[in-house]
1. Can you spot a residue in the range 45-58 that is over 54 Å from the mean Cα position of the chain (by Cα) and free of Cβ contacts under 8 Å to residues at least 60 places away in the same chain?
2. Mind checking which pairs have a first residue in the range 111-132 that is more than 17 Å from residue 72 (Cβ to Cβ) and loosely packed, with under 13 Cβ neighbours inside 10 Å and a second that is modelled with pLDDT under 90 and not small (Gly, Ala, Ser), Cβ under 6 Å, 6 or more apart or different chains?
3. In this structure, does residue 19 turn out to be within 26 Å of residue 140 (Cβ to Cβ), surrounded by fewer than 17 Cβ atoms within 10 Å (Cβ to Cβ) and polar (S, T, N, Q)?
4. Within the range 48-64, which residues are aliphatic (A, V, I, L, M) and touching a helix residue (DSSP H, G or I) at 6+ places or on another chain (Cβ under 7 Å)?
5. Which ones in the range 119-155 are at pLDDT 80 or above and touching a helix residue (DSSP H, G or I) at 6+ places or on another chain (Cβ under 6 Å)?
6. Look at the range 17-47 and say how many of its residues are at pLDDT below 90 and either among the basic types (Lys, Arg) or in contact with a helix residue (DSSP H, G or I) (Cβ under 6 Å, 6 or more places away or on another chain) (or both).
7. Can you find a residue that is in a loop (DSSP other than H, G, I, E, B) and either free of Cβ contacts under 8 Å to residues at least 24 places away in the same chain or under 50 Å from the mean Cα position of the chain (by Cα) (or both) anywhere in the range 79-95?
8. Can you pull out every residue in the range 281-300 that is out of contact with any Pro (no Cβ under 6 Å at 6 or more places or on another chain), at positive phi and surrounded by 13 or more Cβ atoms within 10 Å (Cβ to Cβ)?
Amino acid sequence: MEQFDIKAGHNVAVIWDSSTTAESQTRLVQDIRAVTGALGSVAMENIERLKISAYKESSFDVVLSGLVPNSAIVHTFEIFAEIARILKPGGRFYFTEPVCVSDGNSKLKTGAQLTSALKLAGYTEICKFGNESLTAEQLSSIRQSLGYLGTNLVKMGIKAKKPNFEVGSSSQLKLSFVKKPKPLLEKPELDPSTTKAWTLSATDMNDADVDLIDSDELLDEEDLKKPDPASLRAMDCGDGKKKKRACKDCTCGLAEELGGKGPKDVKTLQVKSSCGSCYLGDAFRCASCPYMGMPAFKPGDKMLLSEQTLSDAFSA
């Protein structure tokens, strides 16, 4: 039994057909039990009833088929699949089958076709372990059952293994992806003097070598001049009209000028913003805003134009 890798404690299934005798089957079972011992077991099953048997999945360590003397079993793909079901993961399958030396027919296969059928059924490590010629009794049995009239037949022995996993089992794959290092980009070289000019820390404020520019020095004489009073008035204010009229909600002082009020009277006049944005500063004021040139103030504050400011605006 060493050639069939049967060991103590193994569960072995022996498949037979009607071409074998009860005496040869009993002798094979006794030889197997002598190796498996009391911890193992041997089951006998007819090839015709294997597909309807009640064996559970992964029941046997070794399955032997067609190894009873004078056996001539022809295995179908369904038989291969059923044997793979009852084998344990990693279990061995040993069998013999008559094959055609050259071309096969509809019921008998060649050696290559037999190997392909085993692969499709899920077996691995498929290899041959011997060939023997068929006896006259075996040839006669095959011709009667299959209707084969040729003589180019041999009995081929093949062993195969079930993979080390069960059908439907799953396993987590451990994948490791090596991240490629990003190429280092060469930094452009900077002029040291330029770098120093754009770098300023808190300690530089007390450094005598650092020249700080006064913001007032950035203003020239034109920036310090008072705005032209004409720029405080709207571009088309009173133009193109026979009678000069002030705009609605006038804030440039034209309404007071037309009302007969002179520069002496406007010192008590309180000017109110009509757009509501004058307190934000010159960037948000209209061209004719009377607050032009004045600093920003808080919204809601009452702003009064001084007499000097109004006198400058209307003295032109």
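The values are calculated or read from the model by the stated rules, or taken from the named source; none is laboratory data. Being a predicted model, the structure only gives us computed values, none of them experimental. Note that each Cβ is placed from the backbone with ideal geometry, even for glycine, and that neighbours are counted across all protein chains shown.
1. no
2. Correct list of pairs: empty, since none qualify.
3. Taking the combined requirement at face value, the residue does not satisfy it.
4. 50, 62, 63, 64
5. Correct list: 121, 122, 126.
6. Of the residues in the range 17-47, 1 are at pLDDT below 90 and either among the basic types (Lys, Arg) or in contact with a helix residue (DSSP H, G or I) (Cβ under 6 Å, 6 or more places away or on another chain) (or both).
7. Residues of the range 79-95 that are in a loop (DSSP other than H, G, I, E, B), as a first pass: none.
Taking every residue of the range 79-95 in turn, none turns out to be in a loop (DSSP other than H, G, I, E, B) and either free of Cβ contacts under 8 Å to residues at least 24 places away in the same chain or under 50 Å from the mean Cα position of the chain (by Cα) (or both).
8. 281
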